[in-house]
Amino acid sequence: MKKLKSAAALAAVGVLALTGCSGGSSDAQAINVNAFSVMEAANEPVFADFEKTDAGKDVEFKTSYGASGDQSRAVAAGAAADVVHYSLETDITRLVDEGLVAKDWKDNATDGIATSSVVVLVVRKGNPLGITGWDDLIKPGVKIITPNPGSSGSARWNILAAWAHIVGNGGSEAEAKDFVTKLLGNTIALPGSGREATTAFTDGSGDVLLSYENEAILARQSGADIDYIVPDDTLLIQNPAAVTVDASDAAKSFLEFMTSPEAQADYAQSGFRPVIDGVDVGDVQGANDPADPFPTPAKLFTIDDTFGGWGEAADKFFGDGEDGNPLGIITELQQSTGKTGDE
């Protein structure tokens with residue numbers, strides 16, 4: 001028994017030691033940041049710059065990253081969070097419905113958006129298949145990787161970008177269904193998160209990865225031997241952030257800092273398009289053109305203009321069929337094609 005108690009004591013010491021490894025002082029105020037997976041690397045310079053401000057000088061960041069929907073559901077179930085930053089607005093509104101985030105969370109200069117990007121097509125170095133746009137993805141034999149819409153916010157942006165390619169250019173919903181069905185037919189893997197999808201692709205799976213522009217840029221910065229194409233028409237990705245109702249003043253200050261010119265410049269260096277004007281972006285390594293890293297597509301669709309906002313799009317496209325509600329269009333297509341993420 002004494003040996004067991006000693007082992008337990010040593011284990012406790014180990015846990016305490018790990019807890020103290022974040023670098024904060026004993027009287028530092030913790031800010032728990034709960035975010036979607038692709039923010040992990042991008043947040044580090046933003047944290048560092050915030051800690052240089054008066055509001056951040058005694059702050060210690062504690063972080064949790066994962067697939068956007070999974071992260072949001074974890075907070076709803078009780079996971080610690082002061083600042084939440086997700087791929088989709090619906091992952092914030094879930095917390096509003098639970099009383100964990102205030103209803104007026106969007107009442108600020110950026111309408112609650114902290115980071116933005118666009119959907120791009122990531123290909124092998126040199127683009128051996130000659131991919132130029134969406135229509136090339138449904139050609140026979142093209143192997144696609146995209147995250148699973150059931151868990152990943154980036155997957156939902158990706159699929160809606162494909163849908164918008166049809167309806168936004170005058171096509172019908174029936175034609176859009178046919179296009180997405182063919183795209184899913186060419187999909188060989190649906191990993192759980194955007195980050196997992198990028199890892200699968202850079203490890204050698206697939207011919208094309210549907211992804212955020214910032215993920216492609218970060219992968220190239222990290223040495224991945226890939227190229228990426230910004231299609232002539234694509235979808236603007238807007239990632240929301242908010243504080244929980246019990247968040248400290250420091251957490252609220254950090255949320256404001258996230259959309260400051262300084263923080264937006266940091267995020268730009270990780271490949272995110274600024275959500276405010278007047279940001280000194282500078283050269284962005286890993287971009288197709290570092291001096292002009294964020295070209296404007298010929299057609300840039302938005303969730304509000306093309307789909308009526310996430311409040312309408314979420315159920316229409318991704319409804320799970322629970323409580324007598326119909327399946328969403330994409331959910332149904334995933335089931336009919338057998339592309340549910342379990343293959």
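The values are calculated or read from the model by the stated rules, or taken from the named source; none is laboratory data. Given the structure is predicted, the values throughout are model-derived calculations rather than measurements. A quick note on method: Cβ atoms are made from the backbone with ideal geometry, for glycine too, and the neighbour counts reach across all protein chains shown.
Examine segment 162-181 for a residue that is touching a Pro at 6+ places or on another chain (Cβ under 7 Å) and assigned by TED's automatic domain parsing to the domain that holds Ile330, and state whether such a residue exists.
Initially, segment 162-181 is screened for residues touching a Pro at 6+ places or on another chain (Cβ under 7 Å), giving none.
No, because not a single residue in segment 162-181 is touching a Pro at 6+ places or on another chain (Cβ under 7 Å) and assigned by TED's automatic domain parsing to the domain that holds Ile330.
Would you mention how many residues in segment 192-204 are more than 19 Å from Ile229 (Cα to Cα) and touching a residue at least 60 places away in the same chain (Cβ under 8 Å)? So that I can check it myself, show each step before the final result.
From segment 192-204, those more than 19 Å from Ile229 (Cα to Cα) are 192-193, 196, 203; that's our starting set.
Narrowing the set further to residues that are touching a residue at least 60 places away in the same chain (Cβ under 8 Å) leaves 192-193, 196.
Qualifying residue count, segment 192-204: 3.
Step by step: first the residues of segment 83-127, then only those that are in a loop (DSSP other than H, G, I, E, B) and hydrophobic (A, V, I, L, M, F, W, C), then the one that is surrounded by the most Cβ atoms within 10 Å (Cβ to Cβ). Which residue is that?
Of the residues in segment 83-127, the ones in a loop (DSSP other than H, G, I, E, B) are 86-88, 98-100, 102-112, 125-127.
Next, only the ones that are hydrophobic (A, V, I, L, M, F, W, C) stay: 88, 100, 102, 105, 109.
Working: Leu88: 26, Leu100: 20, Ala102: 15, Trp105: 22, Ala109: 10.
Within segment 83-127, the match that is surrounded by the most Cβ atoms within 10 Å (Cβ to Cβ) is Leu88.
This table checks each residue for (1) farther than 30 Å from Asp277 by Cβ; (2) touching an Asp or Glu at 6+ places or on another chain (Cβ under 7 Å).
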| position | (1), (2) |
| --- | --- |
| His85 | no, no |
| Ala102 | no, no |
| Lys106 | no, no |
| Ser117 | no, yes |
| Leu121 | no, no |
| Gly133 | no, yes |
| Gly150 | yes, no |
| Gly153 | no, yes |
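Pairs, please: C-beta under 7 Å, at least 6 apart or cross-chain, first residue under 17 Å from Asp305 (Cβ atoms) and in segment 153-166, second surrounded by fewer than 24 Cβ atoms within 10 Å (Cβ to Cβ) and among the small types (Gly, Ala, Ser)?
Within 7 Å, the pairs are Leu160/Ala313; Trp163/Ala176; Ile166/Ala176.
Based on what the data block shows, is Asp178 assigned to a helix (DSSP H, G or I), modelled with pLDDT of 95 or more, in contact with a helix residue (DSSP H, G or I) (Cβ under 9 Å, 6 or more places away or on another chain) and farther than 14 Å from Lys143 by Cα? So that I can check it myself, show each step before the final result.
Working: assigned to a helix (DSSP H, G or I): yes; modelled with pLDDT of 95 or more: yes; in contact with a helix residue (DSSP H, G or I) (Cβ under 9 Å, 6 or more places away or on another chain): yes; farther than 14 Å from Lys143 by Cα: yes.
For Asp178, the condition - assigned to a helix (DSSP H, G or I), modelled with pLDDT of 95 or more, in contact with a helix residue (DSSP H, G or I) (Cβ under 9 Å, 6 or more places away or on another chain) and farther than 14 Å from Lys143 by Cα - is met.
Can you name every residue in segment 152-185 that is under 19 Å from the mean Cα position of the chain (by Cα) and polar (S, T, N, Q)?
The answer is Ser152, Ser154, Asn158.
Please count how many residues of segment 161-175 are among the aliphatic types (A, V, I, L, M), surrounded by fewer than 24 Cβ atoms within 10 Å (Cβ to Cβ) and under 26 Å from Asn127 (Cβ atoms). Lay out the reasoning, then the answer.
Pass one, segment 161-175, residues among the aliphatic types (A, V, I, L, M): 161-162, 164, 166-167, 174.
Still in the list and also surrounded by fewer than 24 Cβ atoms within 10 Å (Cβ to Cβ): 166-167, 174.
Narrowing the set further to residues that are under 26 Å from Asn127 (Cβ atoms) leaves 166.
So the answer is 1.
From the set of residues in segment 305-320 that are of a type outside the set (Phe, Trp, Tyr) and either in contact with a helix residue (DSSP H, G or I) (Cβ under 7 Å, 6 or more places away or on another chain) or not assigned by TED's automatic domain parsing to the domain that holds Pro149 (or both), which is modelled with the lowest pLDDT?
Of all residues in segment 305-320, those of a type outside the set (Phe, Trp, Tyr) come to 305-306, 308-309, 311-316, 319-320.
Now drop any that are not either in contact with a helix residue (DSSP H, G or I) (Cβ under 7 Å, 6 or more places away or on another chain) or not assigned by TED's automatic domain parsing to the domain that holds Pro149 (or both), which leaves 306, 309, 313-314, 316, 319-320.
Values: Thr306: 97, Gly309: 96, Ala313: 96, Ala314: 93, Lys316: 96, Gly319: 91, Asp320: 85.
Step by step, filter segment 305-320, then rank; the result is Asp320.
Take the conditions at pLDDT 95 or above, more than 25 Å from Arg195 (Cα to Cα) and not small (Gly, Ala, Ser) and apply them to Glu44. Does it pass?
Details: at pLDDT 95 or above: yes; more than 25 Å from Arg195 (Cα to Cα): no; not small (Gly, Ala, Ser): yes.
For Glu44, the condition - at pLDDT 95 or above, more than 25 Å from Arg195 (Cα to Cα) and not small (Gly, Ala, Ser) - is not met.
Quick one: how many residues across segment 218-236 are over 18 Å from the mean Cα position of the chain (by Cα) and within 11 Å of Val119 (Cβ to Cβ)?
So the count comes out to 3.
Does at least one position in segment 65-82 carry a residue that is assigned to a helix (DSSP H, G or I), among the hydroxyl-bearing types (Ser, Thr, Tyr), in contact with a Ser or Thr (Cβ under 7 Å, 6 or more places away or on another chain) and in contact (Cβ under 8 Å) with a residue 40 or more places away in the chain? Working first, answer last.
Taking segment 65-82 and keeping what is assigned to a helix (DSSP H, G or I), we get 68-76.
From the residues that got through so far, the ones that are among the hydroxyl-bearing types (Ser, Thr, Tyr) too are 68, 72.
Remaining after also requiring in contact with a Ser or Thr (Cβ under 7 Å, 6 or more places away or on another chain): 68.
Then drop every residue that is not in contact (Cβ under 8 Å) with a residue 40 or more places away in the chain, which leaves 68.
Looking for residues that are assigned to a helix (DSSP H, G or I), among the hydroxyl-bearing types (Ser, Thr, Tyr), in contact with a Ser or Thr (Cβ under 7 Å, 6 or more places away or on another chain) and in contact (Cβ under 8 Å) with a residue 40 or more places away in the chain, one finds at least one in segment 65-82, hence yes.
If a residue must be under 15 Å from the mean Cα position of the chain (by Cα) and polar (S, T, N, Q), how many such residues does segment 99-129 contain?
Looking only at that region, the number is 3.
For segment 312-326, check the following and say yes or no: at least one residue is within 23 Å of Asn186 (Cβ to Cβ) and in contact (Cβ under 8 Å) with a residue 24 or more places away in the chain. Don't jump to the end; show me each part of the working.
Initial filter on segment 312-326 (within 23 Å of Asn186 (Cβ to Cβ)): 317-318.
Next cut, in contact (Cβ under 8 Å) with a residue 24 or more places away in the chain only: 317-318.
Yes: one or more hits.
For the structure I just gave you, tell me whether Arg124 is of a type in the set (D, E, K, R) and touching a helix residue (DSSP H, G or I) at 6+ places or on another chain (Cβ under 6 Å).
Values: of a type in the set (D, E, K, R): yes; touching a helix residue (DSSP H, G or I) at 6+ places or on another chain (Cβ under 6 Å): no.
No, not satisfied.
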